[in-house]
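> Dropping a structure here in structure tokens format, bear with me for questions.
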Amino acid sequence: MSTTRAAPASSGRRAAAGRHGPGTDPDDRRLSWRDRLYRFDMRYMPYVLIAPFFLIFLVFGLFPLVFNGVVALRNYRLDDPTLTGWAGLANFRQLFGDEDFWNALYNTFGIFLLSSVPQLLLALIVASLLNRRLRAQTWWRVGVLLPYVTPIVASTMVFSVFFSRDFGMANWVLGLFGIGDGEPINWRADKLHAWIAIATMVNWKWIGYNALLYLAAMQSIPRDVYEAAAVDGAGPWRQLWRITVPMIQPVIVFTVILSTIGGFQLFIEPMLFDLNAQAATGGPDGEWQTIAQLIYKVGWKDLNLGYAAAMSWALFLIILVVAGINTLLTNRLSGGRSR
Amino acid sequence: MKRSWTRWARAVTVGTVGLALVAACSGKSGQDSGAADGQVTLKINFWGDFGLQDLKTTYEAANPNVKIQLNSGEYNAQHEDLQKKLVAGSGAPDIAAIDEGFMVQFRSQSDKFVNLLDKGAGGYESKYLPWKWKQSLSADGKTQIGLGTDVGGLAMCYRTDLFKAAGLPTEPDQVSALWPTWDRFIEVGQEYTGRSNKKFIDAGSNLFNPILGQQPVGFYDQQDQLRMEQGPKIAFDYTIKAIEAGLSANLATFQADWDKGFTSGSFAVLACPAWMLGHIKDTAPGTQGKWDIAAVPGGGGNWGGSFLTIPKQSRHADEAYKLLEWLVQPEQQIEIFKKVGNLPSQPALYSDPAIADFKNPFFSDAPVGQIFPKMAQGLTPQYLGKKNGPTRVAVENVLIRVQNKTLKPEAAWAEAVKEAEKASTS
């Protein structure tokens, strides 16, 4: 590919500057200091300005990812320094026969379903309520965001007490309705109750956040569409599903992907819900042990870093697949406008 | 072609410059210990309160060239942090406290610690409780990675008011005489629950662990082979018996319901090491005078206790050892006992009046300076395998499932063996 020579006029030089390699222009010698600075500004400044992000991503994002892949292929035990060397795919093979891993995957999926689906539906309803004319509008909008601002560890600790067996508020409230009168519900004894408790924590935290995202998207929908629908006799519920949801579909897809990623990396809630949090077993029989928790246990409790790294990579792939499926599903369900 | 190449060149140049900038910014992160004027900064990592604050001042006054940096953190976090720093090869403190629960894990990495025998610590062997000395000794007996600070000892704390209401004796001697064995202990529990309609003990695992601790062989034998059929089976059977008799309140220790139980009387008795006294006092201040302390059934016992170690990474190992040696001297150990109640692990100190005559007003003036030393001395040393921690958790989890009624008592032992084997090979 050949480059055209720059015109001698200074305005032409500027215009052509972007297409030139540095230092190839014989006119360079005649450039003033100011011109050089201007040139540097035009050519390199954008790169300099975005460089910090990529550098930080390189150090804290890409490098750990790649290094994790290397560790996954090696024997790497903290309690047995003599056992080193390449393991090939042995760590991944072990994964398929490991019932703990499948149990954790099952738990993660169950909690994900119990949290993401109600969470996004409720967020949608909350957003459409907030989108109406309300008294003290700002107050409500800030209010729904409060759980999101609360530190996750703090709220989980409170919830953990809330779901205590003997003196927990949850059992007290249920007791008012006559549920669990004879024997209080032990939230940590079986899968279903533990999942519900953890999903409640997740929902509480994220409904407001998603609602605000939806609300922002809803406000860009022109009013006349609703007016036309109202003239045609569509009620609020029908308007929500027929107009709002299809029109904010990109945001819905975005929140679905985000909550998929978040749901599959669920760690703090199950970890601190456990009475014996330090063991990281997620209940006496792994009732609510998520994959992220299992990775932590294998890595820092069993001190088997190679296997933990293999699990992390498996989790990465699973998230990719599930997020892909969810995107497809959401695209179909929420109106299916092809783009 | 040229165009795309230059674009690359640009990106790479900018990237390199940027990296250099980052490197320049972080270049200054070297250790600031050991400054030019011969000053040495010693960092000590521990958890909770080791009673070191006043000792630090005393030592610094006597050794003007030494600065001590106390770094108290959370119990588990400190141990995990130490493990990470040992693997990373840098960042570990000059002196790291290690609890006996984590000692096995670190003892097996004895090459990462300064061998205190090389520093002349061998002379202290005779001063320590024999099992305490052995706990931090490497398997081949050639490397001593730490010197003991405190031991827990073990006794039974019980609520005198609840015992009285159930028609049981309340005087410590009479209570101790009630349960010379664990069989008798369970019978007393049945009597109590029968009369009061309340639970007797806090949790099955808090019965299992003290009984297991009294067996000659724990989960693992000296060859690190899992031995479930001996000690663990005995402790497990007693625990299941107690659970089936309805004695356990099925609480998880150090959790909200458990803490609440101290005041509400969810349980009447619990296994109680020396450091637990402070916890009860802090959690249930309103129960002052309602507690007393009796002997543990079946003889001695221990729960918890710590060591001070010097990671090899320390650049001031000699100064660190000097400080460590000073800290375990009788005067300092007694100072710590007075301050926070941690019981020293050197038996000679138990006859010291400061300890021997100490009575705890919160626990009906129980002579704790007599009770706990006796228990600590009565203990048979038990070998803890490398996988002791995870194995214990696995078996405790089986007990919790029995308490939760999600596992039948008859099937529990087979499940416990299965889970223990899994933990031992994980």
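Just so it is clear, none of the values below were taken in a lab; they were calculated from the coordinates. Just so we're clear, the structure is a prediction, and the values are computed from it rather than from any experiment. Glycine also receives a Cβ, built like all others from the backbone with ideal geometry; neighbour counts cover every protein chain displayed.
> According to a simple spin-label model (label point 7 Å from Cα along Cα-to-Cβ), what is the distance in nm between A:Val66 and B:Lys359?
Simple spin-label model gives 7.1 nm for this pair.
> Moving on to the next point. Rounded if a/c is under 1.5, else prolate if a/b is larger than b/c, else oblate: which is the protein assembly as shown, with a ≥ b ≥ c the root eigenvalues of its Cα gyration tensor?
oblate
> In the Gaussian network model of chain A, springs joining C-alpha atoms below 10 Å, which of A:Ala277, A:Ala308, A:Ala51 carries the largest mean-square fluctuation?
A:Ala51
> Computed on alpha carbon atoms, what radius of gyration and Dmax characterise chain B, expressed in Å?
Just the Cα atoms of chain B yield Rg and Dmax of 25.2, 97 Å.
> State, as an integer percentage, the relative contact order of chain B based on alpha-carbon contacts under 8 Å between residues 6 or more apart.
23 percent
> Rounded to the nearest 10 degrees, what's the angle between the helix B:75-88 long axis and the longest principal axis of chain B, both from Cα atoms, 0 to 90?
40 degrees
> With a sphere of radius 13 Å drawn around the Cβ of A:Glu287, what net charge do the other residues whose Cβ falls strictly inside it have (Lys, Arg +1; Asp, Glu -1)?
Charge balance near A:Glu287 sits at -1.
> On to the next question. If contacts are Cα pairs under 8 angstrom and at least 6 residues apart, what is the relative contact order of region B:79-192 in percent?
Answer for region B:79-192 is 17 percent.
> Something else: B:Thr263 to A:Phe267: FRET efficiency via 1/(1 + (r/R0)^6), r the Cβ-Cβ distance, R0 25 Å, to the nearest 0.05?
0.15
> List the GluC sites (Glu not before Pro) within region B:272-366 that fall in a DSSP loop (any state other than H, G, I, E or B) and whose Cβ has at most 16 other Cβ atoms within 10 Å.
none
> Set the Förster radius R0 to 41 Å, insert the Cβ-Cβ distance between B:Gln288 and B:Asn63 as r into 1/(1 + (r/R0)^6), and round the FRET efficiency to 0.05.
0.50
> Right, another one. To test your reading of the geometry: what angle, between 0 and 90 degrees and rounded to tens, separates the Cα axis of helix B:317-327 from the longest principal axis of chain B?
Rounded to the nearest ten degrees, it is 30.
> Would you mind pulling out the separation of the Cα centroids of region B:325-380 and region B:166-239, in Å?
25 Å
> Let me ask another. So which chymotrypsin sites (Phe, Trp or Tyr not before Pro) in region A:69-125 end up in coil per DSSP with only 11 or fewer other C-beta atoms within 10 Å?
Counting only loop positions with at most 11 other Cβ atoms within 10 Å, none of the chymotrypsin sites (Phe, Trp or Tyr not before Pro) in region A:69-125 qualifies.
> Can you pull the mean other chain C-beta count within 10 Å for peptide B:106-115? Please report the intermediate quantities before stating the final value.
Working: counts 1, 0, 4, 4, 0, 1, 1, 0, 0, 0.
So the per-residue partner count for this stretch is 1.
> What is the calculated FRET efficiency for B:Asp173 to B:Arg315, with r their C-beta to C-beta distance and R₀ = 60 Å, to the nearest 0.05?
Efficiency, from the Cβ-Cβ distance: 0.65.
> Just counting partner chain Cβ atoms within 10 Å, what average do the residues of peptide A:33-46 show around their Cβ? Working shown, then result.
Working: counts 0, 0, 0, 0, 0, 0, 0, 0, 0, 0, 2, 5, 1, 1.
Averaged over the peptide's residues, the number is 1.
> On to the next question. Most exposed first by the Cβ proxy, i.e. fewest other Cβ within 10 Å, how do B:His79, A:His193 rank?
A:His193, B:His79
> Which whole number gives the average count of other chain Cβ atoms within 10 Å of the Cβ atoms across peptide A:166-174?
The shielding value for this peptide is 2.
> Rounded to whole Hz and in sequence order, give me ³J(HN,Hα) for region A:76-84 from the Karplus expression 6.51 cos²θ - 1.76 cosθ + 1.60, θ = phi - 60°, writing x for Gly and Pro.
Using θ = phi - 60°, the values come out as 8, 10, 6, 8, 9, x, 6, 8, 10 Hz.
> Give the order of A:Val225, B:Val188 when sorted by the count of other beta carbons within 10 angstrom, beginning with the fewest.
A:Val225, B:Val188
> Let me ask something else. Check each of the trypsin sites (Lys or Arg not before Pro) in region A:88-159 and keep only those in coil by DSSP with at most 15 other C-beta atoms within 10 angstrom; list them in order.
Numbers: sites: A:Arg93, A:Arg132, A:Arg133, A:Arg135, A:Arg141; in loops: A:Arg132, A:Arg133, A:Arg135.
In loop regions of region A:88-159 (DSSP not H, G, I, E or B), the sparsely surrounded trypsin sites (Lys or Arg not before Pro) are A:Arg132, A:Arg133, A:Arg135.
> Tell me which DSSP H helices of chain A clear both cut-offs, 20 Å or more of axial length from alpha-carbon atoms and a mean Kyte-Doolittle hydropathy of at least -1.0.
Helix filter hits for chain A: A:33-57, A:99-130, A:191-218, A:249-264, A:305-333.
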